[in-house]
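The structure appears right after this line, and notes come after that.
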Amino acid sequence: MQLRSLEGCRLVIGKYPPFSYNAYGGGGEATLLPNQKNKLLHINFSSKTFSIPPLTSKTTKFLSFPLPPGFKIEMSMEQLKGTINMNSGEVLLKFESYFLFSIGSMLKFPKLIIKTLLTSGKVKGKLHEGEGHVLQNNGKIKLVGISIIPKTGNKILDTFLGLPNEALAELRCEIK
């Protein structure tokens, strides 16, 4: 089974306006651990082979404008595993990742640690809420998750993002 990320994704941190993100081309293949009970599939993606396209001026817009040249947020997935209910189309995935923000080759910031449950259902935090879509017959799905991003220890980044702060991810994917 394979997950492929699509365009039309969004990321929101704190009270900032959302980033629109074209994640097309990312993804990876899952190891399947079928459970005969209620057609529940357990899936696990390898962090070594799973790819997530970086947020750059080519893939990301903020306030309808591309990110400035040289701004880059690279994402490194550490864990993505969970279940797909083949009867209902509901998906629940535990996602752990870190984001590395840099400006050119000179300025690099500490990791932003992201831990969330991505779901095809509804999520609601103190600042954000979102609603996913269950797995469709064509393999399309929208996953949503809320995470509290902890402080990084970098005073500039922590102050700028108001860390710790809540973040919302909306990911459009295809699972086949």
**Message:** Shape verdict for the chain, please, from the Cα gyration tensor: rounded (a/c under 1.5), prolate (a/b greater than b/c) or oblate.
**Reply:** prolate
**Item:** Fluctuation leader among Lys126, Lys140, Lys115 - the chain, Gaussian network, Cα springs under 10 angstrom
**Value:** Lys126
**Message:** Straight-line reach from Lys140: which aspartates and glutamates fall under 18 Å, measuring Cα to Cα and dropping same-chain residues less than 8 apart?
**Reply:** Glu7, Glu29, Glu90, Glu131, Glu170, Glu174
**Above-threshold pairs, the threshold being 23 Å between Cα atoms, out of Lys48/Lys124; Lys61/Lys126; Lys48/Lys111; Lys94/Lys151; Lys39/Lys94** = Lys48/Lys124; Lys61/Lys126
**Prompt:** Going by how many other beta carbons lie within 10 Å of each one, how would you line up Cys9, Cys173, fewest first?
**Reply:** Cys173, Cys9
**Message:** Which of Phe19, Phe65 has the fewest other C-beta atoms within 10 Å, and how do the rest follow up to the most?
**Reply:** Phe65, Phe19
**Prompt:** How many nm separate the modelled label positions at Ser102 and Ser64, each set 7 Å beyond the Cα in the direction of the Cβ?
**Reply:** 3.2 nm
**Asked** Which of these, Ile156, Ile73, Ile52, has the largest mean-square fluctuation under a Gaussian network model of the chain (Cα springs below 10 Å)?
**Response** Ile156
**Asked** What residues qualify as long-range amide H neighbours of Asn165, i.e. H under 5 Å apart, gap of 5 or more or another chain, H built at 1.01 Å from N?
**Response** Ile149
**Asked** Which residue, Phe45, Phe71, Phe95, tops the fluctuation ranking in a GNM of the chain built on C-alpha contacts under 10 Å?
**Response** Phe71
**Prompt:** For the residue pair Arg10 and Ile148, what label-to-label distance in nm results when each label sits 7 Å from Cα along the Cα-to-beta-carbon direction?
**Reply:** 2.4 nm
**Complete:** Once phi for every residue in the range 158-173 is put through the Karplus expression 6.51 cos²θ - 1.76 cosθ + 1.60 (θ = phi - 60°), the whole-Hz ³J(HN,Hα) values, with Gly and Pro written as x, are 4, 5, 4, 8, x, 6, x, 8, 8, 10, 10, 10, 10, 10, 9, 9
**Fill in**
Here, trypsin sites (Lys or Arg not before Pro) of the range 1-73 satisfying both criteria (DSSP loop; at most 14 other Cβ within 10 Å) are Lys15, Lys48, Lys58
**Prompt:** Near the amide H of His128, under 5 Å away, which other amide H atoms are found, from residues 5 or more places off or on another chain, if H is placed in the peptide plane?
**Reply:** none
**Prompt:** What does the charge dipole of the chain about its Cα centre add up to, to the nearest 20 debye, if the Cβ of each Lys and Arg holds +1 and the Cβ of each Asp and Glu holds -1?
**Reply:** 80 debye
**Request:** Put one equal scatterer on each alpha carbon of the range 1-60, apply the Debye formula with no solvent term, and list log10 I(q)/I(0) at q = 0.14, 0.24, 0.30 1/Å to two decimals.
**Result:** -0.55, -0.94, -1.14
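All of the numbers you see were taken from the coordinates with simple rules; none came from a lab. Quantities reported herein were computed from a predicted structural model and do not represent experimental measurements. No Cβ is skipped: glycine too gets one built from the backbone with ideal geometry, and neighbour counts run over all protein chains shown.
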